[in-house]
Each structure stands twice: as C-alpha cells, then as structure tokens.
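What follows is a single structure, written as structure tokens, with notes after it.
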Amino acid sequence: MEEKKKLPLATQIFIALVLGIIAGLLLQSHSDMADAYIKPIGTIFLNLLKFIVVPIVLFSIMAGIISMSDIRKVGSIGIKTIVYYMCTTAVAIVIGLAGGNLFKGFFPILETSDLTYEASEETPFMDTIVGIFPSNFIAPLSEATMLQVIVMAILIGFAVILVGEEAAPAVKGINSFNAIFMKCMEMILKLSPIGVFCLICPVVAANGAAILGSLAMVLLTAYICYFAHMLIVYSLAVKTMGGMSPIEFFKGQFPAMIFAFSSSSSVGTLPINMQGCEKMGADKEVTSFVLPLGATINMDGTAIYQGVCAIFIAACYGISLTPAQMLTIVLTATLASIGTAGVPGAGMVMLAMVLASVGLPLDGIALVAGVDRIFDMGRTVVNITGDASCALIVSNLERKKAQKKSAA
Ligand code: ASP
C-alpha cells in the first residue's frame, strides 16, 4: 500500500534530466570531477540495463511468438514491421540529405588538413549477413550480439509452436521467465531518475561550450531534421495507420524519449519503451516482437545523422554530391542503420561505411566526432520513437484484421 502519493516515474525522469543539465553547466570547469564521480554511477545504471537486455529480448520475443501460436500471424506481423522499418528509414535519409543541402550554405568551412580518423576494418556486405546467424548457443548471449539473439529467439519460438503438446512445459517456463525478467527490469527502471542525472551531467559538463562552437549549425540542422521526421512521418503514420492522435502518441512516448536522450542507447531504452507502448494500447504480443527487433535494426535518427553528416563533410572538403551519389547514400545508409548497434556511439562507426560508398574522405568523421554524443542523444530519441510508432501501428492493423475476420 502506498502511504504517500509519489511523482510518476516520467516526471521524476524529466526533473532528473533538467537537474542533470543544470549541474553539468555548473560543473563545466570541473568536468574531470563529473567524469570521476558522477559518470561511474551512470555507468552502473547502464550496466544494469545491459545486463537485463539480453534475457528480455530472448524471452520476450519467444513469449511473443508462442503467444501468437500461429506461424501465419508471426509472418504477418513480421512483414508489416520490416516494410515499415525500411520505408521510414529511407524517408529519414532523404530528409537528412534534404536538410543538409538546404543548410549547406551555413556550414562552417573548417580547417581540414590535419584531421585523421582511423576507420575500423570495413566488413563486406555478405559477411554482415553471415554474422546475423549464430554458430554457437552461448556466445550470442554472453557477448550480447543482439541480431543473433533475435534469430535464436525466433527459431526456438517457432519450434515451440511446431512441437505443440510436448512443448507445454517449455511454454510455461518461457512465460514464467519472461515475467521474472520483466520484474527485474521494472526494479532497475525505478533507478532511472538517478541514472539519467548521472549520465547527462558529465556530457553537459564536457560539451557545454562545444555546443556553441563551430559545429552548432550542423547540430542544429540534424536536430531540425530529427524533429521534422518525427512530426511529419510518425504523426502521419500513427494518425492514418495507427488510429491514434499524434499528440497522445508523443505524450505517451515522452518518458522513453527523455530516457533515450540521456542514455543514447536504443537497447537500453527498450524496457521503458515497451512499458510505454503497452500503456498506449499496443498489444503485448506485438510489442514483444516489434520493439526488440526495432531497437536492433530500425534506426531512423541514425540514418538522418548520416545524411546530414555526409553533406556536411562533403561541403567541408569542397565536394558537391551528385544525385547518383545521394541515391547511393540512401541505399548504404539504410543498410548501415540496420547494422548499427543500439548503443552509444555506434552510428558514428557506421558513418565510415556511408562515406566510403561515395568516396568521401573518412578523415571527415573527425570533424563531427567531438560532438558525436550530442548528435547521438537526438538520433536515439528518433530511433526509439520510430520503433514505438511501428508497434502501435502494427497492433492496430492486426486488431482490425482480426475484427474483419470475426465479422466475416
Ligand atoms: N545510439 C544510437 C542508438 O542506440 C545508435 C547510434 O549511435 O546511432 O539508437
């Protein structure tokens, strides 16, 4: 029984964010102190989230598939999800490229001669595909290779449905573990106001001045595109296909957005995103499949960032991109965003692949690397909001389909 009325978690997180930013601004001249004493607490919180994410993805996808108990339904949800993810990501890059071109004139011409950036080895496309499939039962779990974990969960989930009666104890076990890990997650989420404060404060302390520096225009362009994408694409999609008012959607999505902003991790935000979507009326069987998948492969914000940065880097080197090159960027950035892990900083690594595809100098990444965290906070918000919109839309479409079927 609750004796005192507590502030809702979302309000607590929001207050923590504001306090964290204020504390960060105050600590600007002591950012080493913020790094030494405040950041580690944020790291503990992120570690706890990382710890819970693998079991949550594994069990929630398995439980989601099993609960549908019909392979055709899994297929129908899967196809809708993938099509939505691909289309919105392609639109996102187009918005990023358009925004970049629109504001190109305002980009600063930076001194580019002494920049170096060590790109990590580029993985050939087929290797990326091969890498999705696990060759070992334990390694994907222990190394948190999310795509492989998803493949495992889908495979086992299907097997449970096909085995039928004999798998009944496993169904019970999977559902029970799912409930247990969800509870763990809830407990960890209670700490999120502290986590948010400790994550955002050192970032602001270290970057406060840089925000106002020469990269402000590129950052601003990216943030305008982030907002445009969310307000136009998601509002329209949620309204037309999700049967929901965009205002309601963004209101319900707000806690997850703040969380994504401070943690810069889609995977870390997964638990809170799941809770939010279910509160907004998405079906559990849909969220448990669509959201973990989205946190791994659907990165609209990352795609926007890659579009804006490609134009920016080209402009800094005095290169003008041709329409054919831009089309190449749309294709590679869609793939790159699928391959981007939902953890802080992953999108910047994939930017190398996008630049390389059109022959732009990889050293250009050094231009944006210093403020990557600020790009990252915004792109993660877009990434998880895209996932949530998909969960609500697919839930609505599936519900309608079921109603039609029962009426017929
Ligand atoms: N941090 C982003 C995410 O977790 C990925 C990225 O770096 O673009 O969604």
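The values are calculated or read from the model by the stated rules, or taken from the named source; none is laboratory data. All values reported here derive from a predicted model rather than from experimental measurement. Cβ sites come from the backbone with ideal geometry, for glycine too, and all protein chains shown count toward neighbours.
List of remarks:
- Residue 147 vs. criteria under 22 Å from the mean Cα position of the chain (by Cα) and touching a residue at least 24 places away in the same chain (Cβ under 8 Å): yes
- Within the set 159, 222, 205, the sole residue that is buried (at least 17 other Cβ atoms within 10 Å of the Cβ), modelled with pLDDT of 90 or more and in a helix (DSSP H, G or I) turns out to be 222.
- Test result for residue 287, hydroxyl-bearing (Ser, Thr, Tyr), more than 16 Å from the ligand (Cβ to nearest atom) and in contact with an Asp or Glu (Cβ under 7 Å, 6 or more places away or on another chain): yes
- For the residues 142, 176, the requirement of being in contact with a helix residue (DSSP H, G or I) (Cβ under 9 Å, 6 or more places away or on another chain) and among the polar types (S, T, N, Q) singles out 142.
- For residue 408: the one exception among (1) at pLDDT below 85; (2) closer than 30 Å to residue 324 by Cβ: (2)
- Boolean, residue 347 is without any contact (Cβ under 8 Å) to a residue 60 or more places away in the chain and either surrounded by fewer than 20 Cβ atoms within 10 Å (Cβ to Cβ) or within 22 Å of residue 232 (Cβ to Cβ) (or both): yes
- Residues satisfying the stated conditions in the range 364-374, i.e. farther than 19 Å from residue 254 by Cα and more than 9 Å from the ligand (Cβ to nearest atom): 364, 365, 366, 367, 368, 369, 370, 371, 373
- Some residue of the range 375-394 being within 10 Å of the ligand (Cβ to nearest atom), farther than 21 Å from residue 273 by Cα, touching a residue at least 40 places away in the same chain (Cβ under 8 Å) and touching a helix residue (DSSP H, G or I) at 6+ places or on another chain (Cβ under 8 Å): no
- Subset of the range 331-363 (residues that are modelled with pLDDT of 75 or more and away from the ligand (no atom under 13 Å from the Cβ)): 331, 332, 334, 335, 355, 356, 357, 358, 359, 360, 361, 362
- Residue within the range 349-363 that is more than 26 Å from residue 323 (Cβ to Cβ) and under 22 Å from the mean Cα position of the chain (by Cα) present: yes
- Test: residue in the range 291-301 that is without any contact (Cβ under 8 Å) to a residue 40 or more places away in the chain and under 27 Å from residue 235 (Cα atoms): no
- Test result for residue 282, more than 16 Å from the ligand (Cβ to nearest atom), of a type in the set (A, V, I, L, M), in contact (Cβ under 8 Å) with a residue 12 or more places away in the chain and more than 24 Å from residue 98 (Cβ to Cβ): yes
- Members of the range 77-91 found to be farther than 19 Å from residue 228 by Cβ and either among the small types (Gly, Ala, Ser) or without any contact (Cβ under 8 Å) to a residue 24 or more places away in the chain (or both), listed by number: 78, 79, 82, 83
To keep it simple, each residue is scored yes or no on (1) of a type in the set (Gly, Ala, Ser); (2) under 30 Å from residue 149 (Cα atoms).
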| residue | (1), (2) |
| --- | --- |
| 17 | no, no |
| 20 | yes, no |
| 25 | no, no |
| 35 | no, no |
| 56 | no, yes |
| 61 | no, yes |
| 64 | yes, yes |
| 80 | no, yes |
| 86 | no, yes |
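- Meets criteria (more than 10 Å from the ligand (Cβ to nearest atom), at pLDDT below 85 and not aromatic (Phe, Trp, Tyr)) for residue 320: yes
- Any chance residue 313 is surrounded by 20 or more Cβ atoms within 10 Å (Cβ to Cβ) and away from the ligand (no atom under 13 Å from the Cβ): yes
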